[in-house]
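Bear in mind these aren't lab numbers, they're just calculated from the coordinates by the rules spelled out. Keep in mind that what you see is a predicted model, and the values were worked out from it rather than measured. Using ideal geometry, Cβ is built from the backbone for each residue, glycine included, and neighbour counts are taken over all protein chains shown.
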């Protein structure tokens with residue numbers, strides 16, 4: 001099978017590399033992370049201008065009509081730069097929900113705004129008791145006239161503070177862990193009854209605890225069918241996992257390259273560290289983990305659109321397990337081989353390791369997905 005990039009994909013890769021080189025030097029990223037919103041609105045506008053926000057969206061709604069492999073190319077370079085703009089939450093997840101479950105009216109109004117950078121979305125699904133189970137939902141949505149009243153709590157809602165709308169999973173029927181009875185709603189961030197507690201995450205992003213107390217929405221706020229949100233979440237979260245696998249590969253590549261270069265230049269006992277055979281073996285192990293992760297990343301991005309939901313789910317879980325294992329190994333080895341300074345905030349190695357650690361826990365860690373794969 002030919003895994004070489006097309007001419008358009010190579011051009012995309014080159015443009016993102018230039019962006020990362022110009023905008024994401026470590027000190028520049030520090031300033032972004034320390035800012036009020038945690039990222040740059042100017043960078044977001046530039047991404048819209050370059051067409052990156054429109055990449056995966058349909059052409060009839062102002063998008064480019066790219067596929068999962070196009071997104072993979074973009075996300076891998078974002079991983080190399082530790083990009084903090086809300087691309088994952090707004091475009092891949094938010095746009096994914098609109099494309100998969102949005103009504104004609106929702107798509108017509110919202111997708112062009114998303115592609116132009118005029119709309120940001122967040123996804124609120126996690127609850128205190130749910131851990132990695134997307135179907136463990138206790139947040140309630142009760143029928144109220146022509147619409148619904150939503151009450152409940154959602155945790156670790158990435159980029160909720162700057163989102164215009166939040167996609168909320170709520171239970172309209174059934175028990176707290178039933179697959180049936182979950183409905184997705186588009187909720188305005190500034191609506192009455194919704195409160196947030198915003199905070200930074202360990203990897204430099206922003207998240208919020210979202211409390212809804214009698215939030216009212218109309219029937220036109222429903223995404224997909226009433227009670228059919230579980231299948232929609234499964235599909236879109238699969239796309240998100242495929243994308244963060246690519247981001248993780250970018251992070252691992254930087255750690256492996258940086259560590260290899262450091263061992264060539266750091267001299268101990270009169271010779272470079274790279275001359276010690278035991279360290280050569282560890283670098284080979286790091287390289288192998290990076291390549292295994294890359295292979296699984298390619299696999300999941302090629303199969304994430306599979307019509308068979310079981311095959312699609314198996315590919316997603318298999319990739320997540322490998323990414324979790326490889327990310328931990330490469331991150332730990334990179335920190336250890338850099339010695340004491342590998343733990344410092346001034347060296348970018350630790351920042352990549354933190355991001356890889358967070359990626360492992362997003363939408364289920366490697367242990368969760370190993371069990372899920374076995375069950376499938």
On Cα atoms only, tilt of 348-361 relative to the major axis of the chain in degrees: 40 degrees
Anisotropy class of region 69-146 from Cα gyration tensor, a/c 1.5 cut: oblate
Rg to Rh, two decimals, where region 7-120 supplies the alpha carbon set and Rh follows Kirkwood: 0.97
Global geometry of region 220-277, whether rounded, prolate or oblate, following the gyration tensor of its Cα atoms and the 1.5 cut on a/c: prolate
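Rank the residues 49, 289 as a footprinting-exposure proxy: fewest other Cβ atoms within 10 Å of their Cβ go first.
Working: 49 11, 289 20.
In order of increasing Cβ crowding within 10 Å: 49, 289.
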Where only C-alpha atoms are counted, convex hull volume of the chain per residue in Å³: 141 Å³
Helix-derived mean residue ellipticity, 222 nm - over the chain, DSSP H n ≥ 4, -39500 (n - 2.57), to 500: -16500 deg cm²/dmol
Point-to-point label distance, residue 43-residue 133, nm (Cα→Cβ direction, 7 Å offset): 3.7 nm
Neighbour-count order for 198, 146, fewest beta carbons within 10 angstrom listed first: 146, 198
Full-extension gain in nm, residue 60 to residue 308, via 0.36 nm per residue minus C-alpha separation: 86.6 nm
Ratio of the Cα radius of gyration of region 122-227 to 2.2 N^0.38 Å, where N counts its residues: 1.01
Whole-Å distance, taken between Cα centres, linking region 125-146 and region 155-178: 7 Å
Beta bridge orientation in the chain: antiparallel %, DSSP, nearest 5: 85 percent
D_trans [Stokes-Einstein, Kirkwood Rh over alpha-carbon pairs] for region 247-297, 37 °C, 0.692 mPa s, µm² s⁻¹: 284 µm²/s
Ordering of 151-158, 337-344 by packing [mean C-beta count within 10 Å, highest first]: 151-158, 337-344
Residues 199, 24 arranged by fewest to most Cβ contacts within 10 Å: 199, 24
Rel. contact order, % - alpha carbon contacts under 8 angstrom, at least six apart, region 122-227: 31 percent
Radius of gyration, Dmax [region 231-375; alpha carbons; angstrom]: 16.9, 61
